[in-house]
Amino acid sequence: MIRFSNVGKTYAFLRGAPVRAVEGMTLDVEVGEVFGIAGPNGAGKTTMIAMMLGFLPPSTGHITVDGLAPRAFVERYGIGYLSELIAINSRWRTRESLVRLGTLAGLSADALDARVDELLVLFGLEEHARKRTKELSKGTLQRLGIAQSMLRDERVMILDEPTHGLDPLWTQRFREIVPQLRRPDRAIVIASHNLDELERLADRVAIVDRGRLQRIVRTRGTGSGPTPTRYRILARHAKTLMAEIFPGAIVAGEGEFDVPVADLVILNQGLRSLLAGGALIVSVSPAYSSLEEQFRQAVGEGA
């Protein structure tokens, strides 16, 4: 659906050296999937999105959306887009904003009224319908931004930091909405700093750093994932034993230890030794999720 073929983007300035924001990027976003993009600040995510939308042309390589140049695809079919920073005229009212944006998107009057009412209910905006957008809280404005990205039944949706500013309740609600947006003929791209969110929602996640694709992690569909290399063990009467059984163990809190292991066999052998030595194990869990582990490996422990 969306194809990057050896794409690079360099920003040139009148003064100073040019900046390479993206370099040698090759990846495909498949139709029917939710595709995540993760990376530290300055990794090139925003530039990638701008090129997908046709706002910026690549300096090298090619990008296509369903076989068309991005701008040509947007002009012919449209893309549902949520920007990282929501910028809606502060004098517009909530419902008015959706009506105006839907009109610009080409929805007929009858279809628009019904769709706006549906979205107001879906995102809990009915009580805010008459408020000016400048009166909305950050989280409510974010919900309005997500709602406008869904005005039309687009085949491509690109959401940049969609849960930024949402409270836990609406973050969970968003996670329930995304599976409902899945469709065999639709591609959804989510860029987020929230790795837990991407692991829950995306089929695959591209990890980018310093403008380059570091790896693509498949988060579902394989039945297995990479084995975490560090576990958090909560145990009693284990402080002395822990260092002997798990060399490199780090105290993470009262009775909590982060332990490095090469594989699950070594982890279980160590747990048996702890129990045999009189320790009481309360819980064992990965210190990082599979995606977090891959992210740290790809971009460095300090990211």
If you take Kirkwood radius over Cα pairs in Å from the coordinates, which of (1) 21.8; (2) 23.3; (3) 19.9 do you get?
(1)
Just report the Cα centroid separation between the range 234-303 and the range 134-207, whole Å.
34 Å
By DSSP, what percent of the beta bridges with both residues in the chain are antiparallel, rounded to the nearest 5?
70 percent
If one compares the long axis through the Cα atoms of helix 94-104 with the longest principal axis of the Cα atoms of the chain, the angle in degrees, nearest 10, works out at 70 degrees
Using just the helices of the chain, give the 222 nm mean residue ellipticity in deg cm²/dmol: DSSP H runs with n ≥ 4 each add -39,500 (n - 2.57), and the total is spread over all residues, rounded to 500.
-10000 deg cm²/dmol
Could you list His164, His62 so that the one with the fewest beta carbons within 10 Å of its beta carbon is first and the one with the most is last?
His62, His164
Can you sort Lys45, Lys239 from fewest to most other Cβ atoms within 10 Å of each residue's own Cβ?
Lys239, Lys45
How far is helix 168-181 tilted, in degrees, relative to the longest principal axis of the Cα atoms in the chain, given as a value from 0 to 90 rounded to the nearest 10?
70 degrees
What aspartates and glutamates could a cross-link reach from Lys138, if we take a straight Cα to Cα line under 14 Å and drop same-chain neighbours fewer than 8 places away?
Glu84, Glu161, Asp167
Within 10 Å of each residue's Cβ, count the other Cβ atoms and sort Ile79, Ile207 from fewest upward.
Ile79, Ile207
Under 5 Å between amide H atoms, partner at least 5 residues away or on a different chain: which partners does Arg215 have, H built in plane at 1.01 Å?
Ile207
Rounded if a/c under 1.5, otherwise prolate or oblate - the range 230-287, Cα gyration tensor axes
rounded
Would you mind checking the tilt of helix 138-149 against the longest principal axis of the Cα atoms of the chain, expressed as 0 to 90 degrees and rounded to 10?
60 degrees
Computed ³J(HN,Hα) along the range 185-196: with the Karplus parameters 6.51/-1.76/1.60, θ = phi - 60°, integer Hz and x for glycine or proline, the list is 9, 10, 10, 10, 10, 10, 9, 7, 7, 8, 5, 4
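Just so you know, all these numbers are worked out from the coordinates, no wet-lab data involved. Predicted model only: the values in this text are computed from it and were never measured. Cβ coordinates were reconstructed from backbone atoms using ideal geometry, including for glycine residues, and neighbour counts include every protein chain displayed.
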